[in-house]
Structures are given as C-alpha cells and as structure tokens.
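The block underneath contains the structure these notes are about, expressed in structure tokens.
The values are calculated or read from the model by the stated rules, or taken from the named source; none is laboratory data. If you're wondering where the values come from, they're calculated on a predicted model, not measured in any experiment. Positions of Cβ are backbone-derived with ideal geometry, glycine not excepted, and every protein chain shown enters the neighbour counts. The accessibility values were calculated without ligands, DNA or RNA, using every heavy atom of the protein model including side chains. Shrake-Rupley method; radii C 1.70, N 1.55, O 1.52, S 1.80 Å.
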Amino acid sequence: MRIVCVGGGPAGLYFGLLMKKLHPEHAITVVERNQPFDTFGWGVVFSDATMAAMRSWDSESAAEIETAFNHWDDIEVLFKGPDSARRVTDSSASAASSCSTFCNGAALRLGVELAFNQEATGDLDFPEADLIVASDGLNSRIRNRYAEVFRPDLVVRPKPLHLARHEEALRRLHV
Ligand SMILES: Cc1cc2nc3c(=O)[nH]c(=O)nc-3n(C[C@H](O)[C@H](O)[C@H](O)COP(=O)(O)OP(=O)(O)OC[C@H]3O[C@@H](n4cnc5c(N)ncnc54)[C@H](O)[C@@H]3O)c2cc1C
C-alpha cells in the first residue's frame with residue numbers, strides 16, 4: 001500500500017514510524033512544508049501515562065526517548081501557602097529540537113520517506129496514494145475540506161495569560 005502523511009509533525013512522523021514498523025511492506029511518505037528539524041517552541045514534556053502508551057506501541061523508540069529525555073517525579077508547586085500545594089505529574093522532557101531530531105531519525109532509519117519543503121494543497125495532490133493521513137495539524141486543510149464527513153469538534157479558548165505576556169514582551173523587543 002502507498003501511504004502519504006500530509007504533515008510531518010509528531011502525528012505524521014509517529015504514525016509513519018509505527019506503521020512502517022508493523023508493515024514494512026508499505027511505502028510511506030511524510031510530506032512536510034517546513035525544513036528538516038524545524039521546531040516551534042522550546043521543550044516537549046511527556047507524562048508517564050504518555051510514555052506508558054508509547055512503550056506499549058513501540059518499546060524500542062520509547063526506550064530511545066527515555067534515554068534522551070530527562071525524567072522527574074515529585075514536584076510540589078506552592079502558591080500562597082501550603083494549602084494550595086499541587087503535585088505535578090511525573091514526566092519526561094527534552095528540548096523540542098531533540099524530539100524532532102529523534103522522530104525524523106527514527107522514521108528515516110525504518111525506511112519512511114520524508115519529503116521536506118513540500119506544501120500540499122490537499123489530498124488531491126496524491127492521486128497515486130492508497131491511504132492519505134491528514135496529519136496537517138490544528139488548521140488541517142484536509143479536515144476542513146471534508147468537515148461534513150469528519151465533523152471536527154473544536155473549542156476555541158482564550159490565550160493563557162503567560163503566553164499573552166510572552167508575546168507582548170517579544171513585541172516590545174522588536175519595536
Ligand atoms: C507552544 C506550544 C508548546 C507545546 N508543548 C507541548 C509539550 O510540551 N508536550 C506535548 O505533548 N505537546 C505540546 N504541545 C502540543 C503539541 O505541539 C501538539 O499537540 C502537536 O504538535 C500536535 O501534533 P500534530 O502532528 O497533530 O500537528 P503539528 O505539530 O501542528 O504538525 C502539523 C505539521 O503539518 C505541516 N503542514 C500543515 N499543513 C501542511 C501542508 N498543507 N503541506 C505540508 N505540510 C503541512 C506543518 O508544517 C506541521 O509540521 C505544545 C504546543 C504549543 C503550541
């Protein structure tokens with residue numbers, strides 16, 4: 001089967017990686033409009049529950065992630081006294097760039113083809129594909145095109161205060 005994942009974020013890459021591992025006979029291409037190893041944001045955090053799910057799907061890549069990431073367990077956040085103590089979930093974290101490097105590398109090693117700098121206009125760009133995975137993110141063109149079929153359920157929330165402050169600080173730096 002010829003499979004094309006439109007979008008090389010975590011969803012497209014990890015799907016490609018797992019599918020290739022389970023079915024090496026499939027030809028899988030991940031199409032991404034950005035450059036290799038481009039990342040947005042500083043860090044990636046996976047909770048222990050996420051790591052457990054990843055381990056159950058592919059223990060090999062999960063082990064690589066756990067080696068590359070830093071793990072922490074108990075963190076208590078205190079705000080205005082001990083009554084407000086919150087325990088933060090056990091998690092593992094790394095720089096976003098390390099995560100992207102790892103996912104790209106693991107997919108390539110298994111034989112997934114990665115096509116960078118390629119903007120897809122939609123699923124019709126790939127008439128030769130037997131399966132197209134719409135891994136093109138939150139504003140997915142493909143999901144929007146077939147919204148009546150997929151019926152996406154999106155809830156838009158106000159921006160968290162810390163992100164708004166961060167953006168404001170960046171704006172001031174650039175004036
Ligand atoms: C600031 C920030 C911090 C975050 N921190 C964490 C965290 O610590 N831990 C965590 O688990 N999650 C985190 N998230 C959430 C996480 O980034 C998303 O859940 C995740 O990226 C979703 O993956 P995705 O592959 O579905 O979509 P995306 O990551 O959005 O990937 C979609 C990809 O498709 C490509 N694409 C889109 N359209 C096209 C097209 N037409 N042609 C070709 N390519 C296309 C895009 O360039 C992109 O690379 C964070 C999100 C943000 C915004």
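Considering only the stretch 101-129, state which residues are small (Gly, Ala, Ser), away from the ligand (no atom under 11 Å from the Cβ) and not in a loop (DSSP other than H, G, I, E, B).
Scanning the stretch 101-129 gives Gly105, Ala106, Ala107.
Identify all residues within the stretch 21-55 that are away from the ligand (no atom under 11 Å from the Cβ) and modelled with pLDDT of 95 or more; write none if there are none.
Residues satisfying the conditions are His23, Pro24, Glu25, His26, Ala27, Ile28, Thr29.
Report, by residue number, each residue of the stretch 145-173 that is under 30 Å from His26 (Cα atoms), open to solvent by 60 Å² or more (accessible area, probe 1.4 Å) and part of a helix (DSSP H, G or I).
Arg145, Glu148, Val149, Phe150 - these are the residues of the stretch 145-173 that are under 30 Å from His26 (Cα atoms), open to solvent by 60 Å² or more (accessible area, probe 1.4 Å) and part of a helix (DSSP H, G or I).
If you take the residues in the stretch 89-115 that are more than 17 Å from the chain's Cα centre (by Cα) and open to solvent by 50 Å² or more (accessible area, probe 1.4 Å), which one is modelled with the lowest pLDDT?
Thr89
Among the residues in the stretch 126-144, are any closer than 24 Å to Asp38 by Cα, open to solvent by 90 Å² or more (accessible area, probe 1.4 Å) and not basic (Lys, Arg)?
Yes: the stretch 126-144 contains one or more residues that are closer than 24 Å to Asp38 by Cα, open to solvent by 90 Å² or more (accessible area, probe 1.4 Å) and not basic (Lys, Arg).
Report, by residue number, each residue of the stretch 35-54 that is crowded, with 16+ Cβ neighbours inside 10 Å and not aliphatic (A, V, I, L, M).
Hits for the stretch 35-54 are Thr39, Phe46.
Just to be sure, is Thr67 at pLDDT below 85, out of contact with any Gly (no Cβ under 7 Å at 6 or more places or on another chain) and open to solvent by 60 Å² or more (accessible area, probe 1.4 Å)?
No.
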